[in-house]
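The values are calculated or read from the model by the stated rules, or taken from the named source; none is laboratory data. Keep in mind that what you see is a predicted model, and the values were worked out from it rather than measured. Using ideal geometry, Cβ is built from the backbone for each residue, glycine included, and neighbour counts are taken over all protein chains shown. Please note that ligands, DNA and RNA were not included when accessible areas were found on the heavy atoms of the full protein model with its side chains. Shrake-Rupley method; radii C 1.70, N 1.55, O 1.52, S 1.80 Å.
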Amino acid sequence: MSTAIEFVEVGPRDGLQNEKALIPTGDKLALIERAIAYGVRRIEVTSFVNPKKVPQMADADTICAGLPDRDDVTYIGLVLNLRGAERALATGRIDELGAVCVASDRFAIANQGQTSAESVEAAKAIIALARQEGRRAQATIAASFVCPFEGEVAQDRVVAMARQLAEARPVEIALADTIGVGNPAHVTQLVNAVRDAVGDIPVRCHFHNTRGTGLANVWAAIGAGASVIDGALGGLGGCPFAPGAAGNVASEDVIYMLDRAGITTGLDLGRMIEASTWLGGVMGRTLPGMVAKAPSFPAQAQA
Ligand code: ZN
């Protein structure tokens with residue numbers, strides 16, 4: 001089992017995209033600043049998608065203009081097609097494109113107006129463009145475990161997609177359990193199969209905690225050799241095009257578990273808990289994450 005894991009904060013994009021009330025750009029930038037302060041060095045800051053379909057991400061360009069100037073932080077912009085990729089690159093502030101392809105046709109069409117095969121071709125074109133422009137690019141296979149419309153997704157299908165994506169040499173391939181149906185045994189199998197198929201390309205995992213299996217899935221993914229894990233502060237999140245999708249695994253819950261298990265991430269749990277409490281104040285409600293609501297452990301020294 002690996003003793004160090006890279007963590008990607010997806011709160012500013014996946015965490016917020018499904019919120020009905022528009023969140024002020026300043027609050028989103030404050031979330032990004034807090035994520036940097038608690039030690040994250042890769043952050044999914046926004047997506048370059050149709051603002052009519054995802055109004056919460058309509059401020060992508062303003063977000064980019066306000067990003068802290070940090071050479072040591074990689075800012076990720078999620079894109080679904082070449083047009084989005086060009087917009088992201090034109091900001092001059094996005095270090096890494098995150099392409100998304102989908103393992104089932106019905107969800108691919110609902111999410112991004114492409115068939116599954118078209119989404120793989122689009123991701124490969126996005127990766128090629130990023131490479132040409134001297135930027136990083138990675139690809140996520142959404143609905144890697146289950147499709148919200150078609151049900152079970154065949155492992156062979158996901159492995160074949162990963163193999164096709166690997167030809168474009170992304171910096172990483174991610175497996176996403178978009179609607180939080182995965183279980184640890186399935187995660188172990190799929191991560192192993194994809195790692196066998198993609199050689200030296202690192203595998204990232206992205207879990208939603210819709211049915212309470214999020215942390216178990218994170219643990220299984222790391223055990224099977226995934227080297228990068230996504231999470232959203234407070235456990236916010238969901239997908240506007242996947243019925244019933246709920247929050248991402250909470251960043252602070254993931255880091256609590258990994259810290260206690262002796263796996264290094266470089267993140268500061270105390271500052272994450274503070275940030276999660278702050279975010280709950282911004283959202284005006286208690287967030288799903290567990291650790292920020294529990295008494296601090298190990299007990300903090302009393303002042
Ligand atoms: Zn997600």
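Listed values, structure above:
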quantity	calculated
Matching residues, the range 142-156, being assigned to a helix (DSSP H, G or I) and either surrounded by 15 or more Cβ atoms within 10 Å (Cβ to Cβ) or touching a Gly at 6+ places or on another chain (Cβ under 9 Å) (or both)	Gln155
Filter pass, Gln17 being out of contact with any Leu (no Cβ under 7 Å at 6 or more places or on another chain) and touching a residue at least 40 places away in the same chain (Cβ under 8 Å)	yes
Elements of type strands (runs of 3 or more DSSP E) contained in the range 1-107, each with 1 or more residues being modelled with pLDDT under 95 and either in contact with a Ser or Thr (Cβ under 8 Å, 6 or more places away or on another chain) or surrounded by 15 or more Cβ atoms within 10 Å (Cβ to Cβ) (or both)	none
Index of the failed condition, Thr286 passing every other in (1) part of a helix (DSSP H, G or I); (2) at pLDDT below 95	(1)
Residue among Ile36, Ile5, Ile94 that alone is over 26 Å from Ala128 (Cα atoms), touching a strand residue (DSSP E or B) at 6+ places or on another chain (Cβ under 8 Å), more than 16 Å from the ligand (Cβ to nearest atom) and without any contact (Cβ under 8 Å) to a residue 60 or more places away in the chain	Ile36
Unmet requirement for Val254, which otherwise passes all of (1) within 18 Å of Glu19 (Cα to Cα); (2) open to solvent by less than 10 Å² (accessible area, probe 1.4 Å); (3) among the hydrophobic types (A, V, I, L, M, F, W, C)	(1)
Close pairs (9 angstrom Cβ cut-off, 6 or more residues apart or separate chains): touching a residue at least 24 places away in the same chain (Cβ under 8 Å) in the range 235-248, more than 9 Å from the ligand (Cβ to nearest atom) and of a type in the set (Ser, Thr, Tyr) anywhere	Gly235/Ser251; Gly235/Ser276; Gly238/Thr210; Gly244/Thr210; Ala245/Thr210; Ala246/Thr210; Gly247/Thr210
Residue identified as among the β-branched types (Val, Ile, Thr), surrounded by fewer than 22 Cβ atoms within 10 Å (Cβ to Cβ) and in contact (Cβ under 8 Å) with a residue 12 or more places away in the chain among Thr286, Thr277	Thr277
